[in-house]
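Take a look at the structure below.
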Amino acid sequence: MKVEHVGKNIQVTDFIKDYTEHKLERLKPYLKDIDVAEDSVQVRVTYDFEKHRHRNRVDIDVYFNTPGGGVIHAWEESNDLYTAIDFVIDEVERQLVRLKARRVEERRRLAKLKEKERREGIKEESIEKPLIVLEPLPIEKPMDVEDARLLLEEMGAFFLPFRNAETGEINVIYRKKAGNYGLIAPGV
């Protein structure tokens, strides 16, 4: 984090610089949380003394030199310079917390959007497939109805299409809820 100190109507001493830079150390964990490298952050601290009101004003601008970029600006006034520094650091900290929350929310929104696009891609792929697929008959050799019923019980299935040995037609035998069986045959 590069810190630049600017004084207007005030002499910026080494003690003021050290005090401010020590307070700025509190912000480093927040910079890590919002995925900003410390060396890509530039901080400009402007100290101003208004003679007619006997007030100290401290402005802090935090510049993010990253692809996302951005600037945080905060200022405070107080009769005491060090109180103004403390309050403006607190305000910058609050803004960094809000920035972190916005970036986390943006990441979540982008992840949801990506997931939605992925799901739509899957749906589009499934739509491209034909709705009806021609499949071969599971049992090709002809059998009578009783053999089909026994095979249905053995398989544990709910229905079984088969070629009827007596008629040569395709029939379907199925289980009914009552425990008996139904037979679907053409022309019956």
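Derivation of every value follows stated rules applied to the coordinates shown; laboratory data play no part. Small disclaimer: the values here were computed from a predicted structure and weren't measured. Every residue, glycine among them, receives a Cβ derived from its backbone with ideal geometry; neighbour counts consider all protein chains shown.
Per residue, the chain reaches -14000 deg cm²/dmol at 222 nm when only DSSP H runs of four or more residues are counted, each adding -39500 (n - 2.57).
Of the two radii for the chain, the radius of gyration is 1.63 times the Kirkwood radius, both from the alpha carbons; that is the Rg over Rh value. The GluC sites (Glu not before Pro) found in segment 145-183 that occupy coil by DSSP, while having at most 11 further C-beta atoms within 10 Å, are Glu166.
Candidates Gln42, His22, Leu81 compared by Cα position along the dipole of segment 2-126: farthest toward the positive end lies Gln42, with charges placed on Cβ.
Database remark: amide H of Val3 closer than 5 angstrom to the amide H of Val43 (H placed geometrically; neighbours at sequence offset of 5 or more, or on other chains; Pro and chain starts carry no H). Annotation for segment 21-75: trypsin sites (Lys or Arg not before Pro) lying in DSSP loop with at most 11 further Cβ atoms inside 10 Å of their Cβ are Lys51, Arg53. Within the chain, antiparallel bridges make up roughly 75 percent of the DSSP beta bridges whose residues both belong there.
To two decimal places, what compactness ratio does segment 145-184 give when its Cα radius of gyration is scaled by 2.2 N^0.38 Å? Compactness ratio reported: 1.08.
Computed about the Cα centre, the dipole magnitude for segment 2-126 is approximately 560 debye when only Lys and Arg (+1) and Asp and Glu (-1) carry charge, each at its Cβ. Classify segment 6-92 as rounded, prolate or oblate from the Cα gyration tensor: take a ≥ b ≥ c as the square roots of its eigenvalues, call it rounded if a/c is under 1.5, otherwise prolate when a/b beats b/c and oblate if not. Taking the square roots of the gyration eigenvalues as a ≥ b ≥ c, segment 6-92 is prolate.
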